[in-house]
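Only one structure is covered here, and it is reproduced in the block below.
The values are calculated or read from the model by the stated rules, or taken from the named source; none is laboratory data. Computed from a predicted model, the values in this text were never measured in an experiment. Positions of Cβ are backbone-derived with ideal geometry, glycine not excepted, and every protein chain shown enters the neighbour counts. We work out accessible area using only protein heavy atoms, side chains counted, and drop any ligands, DNA or RNA first. Shrake-Rupley method; radii C 1.70, N 1.55, O 1.52, S 1.80 Å.
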Amino acid sequence: MFENEVTLLKTENETQSKNLREDDQRVIKGIMKSMSMFKVNSYDAQVIQRDLIGMAHELKLRDSSLQEAIGDDVKGFTHEIIKNSGGPCKREIVLNFFLKLSGYFFAWFTVFAIGAYGSLSWEANPIIYLFFLGAVLITFITEGIIAPLFSTEKGLKKNLQSLISTLLFVVLTFIIFLLNDKQYTTEVKGGIIIVASGLVYLITRYSNSINIRRLAKGKKNFINDLK
């Protein structure tokens, strides 16, 4: 039901990557981290990774490596690949946000219902909804926008993504602390949230698979197009 061209390509890429040298694996991993869905749609990204793996295999036969072929300008090489791709898909970005939102809400409220309260409903400050929504949004932005910006950097710059992410969570926590009214509570219907978020997750995953099949039409070899 959820199998699509991306899942098939991802499985094949993982298998083929195991036969590469560690330095080539590291280079490809760094390049792929730059290609978030905000820059390249997920199908194009997997095709690009497949082509990079094929390129690495060819270079291995010539006693060379991706690092030698690309040179020091990995960032520039990555930018050219991204520019040559089909670009991001707005529909995929929206679907992935709701996929992450529903997945986190399902997991969090299930843990609360079973572990913390032992009930499908409980009393709590409604500010928790804002905190959870903010946490998902920060995670989504960090993984999709911030982390890719520093994936090909070296030294201290590479660690900036962790610092920015931490600062965003600190700001969110501070805002929630200021808005929190400990005396105001309402009934949290955890059972309804668990069922609703679970349904949204399944529907969104199915919709995402349909969208991937649409993106897969008209295949393209991005690495060869750069030669």
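Measuring between alpha carbons in the structure, the pairs from Lys157/Lys217; Lys158/Lys182; Lys33/Lys189; Lys100/Lys158 lying more than 28 angstrom apart are Lys157/Lys217; Lys158/Lys182; Lys33/Lys189. Residue order by solvent-accessible surface for Val200, Val188 is Val200, Val188, largest first, with ligands and nucleic acids left out and a 1.4 Å probe. As a fraction of the 1.4 Å probe accessible area of the chain, surface on carbon and sulfur atoms comes out at 62 percent. Remark: the chain carries a charge dipole of roughly 380 debye about the Cα centre, counting +1 on each Lys and Arg Cβ and -1 on each Asp and Glu Cβ. When segment 1-146 is described by a simple charge dipole with +1 on each Lys and Arg Cβ and -1 on each Asp and Glu Cβ, the residue from His79, Ala124, Asn19 located farthest towards its positive end is Ala124. Charge dipole of segment 123-194 (Cα centre as origin; +1 on each Lys and Arg Cβ, -1 on each Asp and Glu Cβ, all else neutral): 320 debye, rounded to the nearest 20.
Since only Gln49, Phe38, Leu61 are under comparison, the one whose Cα sits farthest along the positive direction of the charge dipole of segment 5-88, derived from C-beta charges on Lys, Arg, Asp and Glu, is Phe38. Give the angle, between 0 and 90 degrees and rounded to the nearest 10, that separates the Cα long axis of helix 190-215 from the longest principal axis of the Cα atoms of the chain. That works out to roughly 20 degrees. Evaluated with a Cβ-only charge set (Lys, Arg +1; Asp, Glu -1), segment 5-88 carries a dipole of roughly 240 debye about its Cα centre, given to the nearest 20.
How do His57, His79 stack up against each other in accessible area, from largest to smallest, with a 1.4 angstrom probe? Please list the in-between numbers first.
On the way: His57 55, His79 110 Å².
Descending order: His79, His57.
Entry comment: accessible area of segment 90-208 is 62 Å² per residue, from protein heavy atoms only and a probe of 1.4 Å.
Once the piece of chain linking Lys10 and Leu199 is laid out straight, how much longer is it, given 0.36 nm per residue of separation minus the C-alpha distance between them?
Values: separation 189, 0.36 × 189 = 68.04 nm, distance 2.54 nm.
Contour length minus Cα-Cα distance gives 65.5 nm.
Tyr201 exposes around 80 Å² of accessible area when a 1.4 Å probe is run over every protein chain in place. Taking Cα atoms only, the orientation of helix 127-141 departs from the longest principal axis of the chain by about 0 degrees. When each of the peptides 99-111, 44-56, 81-93 is scored by how many other beta carbons lie within 10 Å of its residues on average, the order from highest to lowest is 44-56, 99-111, 81-93. For every other residue with a beta carbon closer than 14 angstrom to the beta carbon of Asp63, add +1 if it is Lys or Arg and -1 if Asp or Glu, then tell me the sum. Taking every Cβ under 14 Å from that of Asp63, the sum is -1.
Hey, what number do you get for the chain at 222 nm if only DSSP H runs of n ≥ 4 count, each worth -39500 (n - 2.57), divided across all residues, to the nearest 500?
Taken over the chain, the calculation gives -21500 deg cm²/dmol.
Would you tally the net charge around Met35, using a Cβ to Cβ cut-off of less than 14 Å, leaving Met35 out, and scoring K and R as +1, D and E as -1? Result for the local shell: +2.
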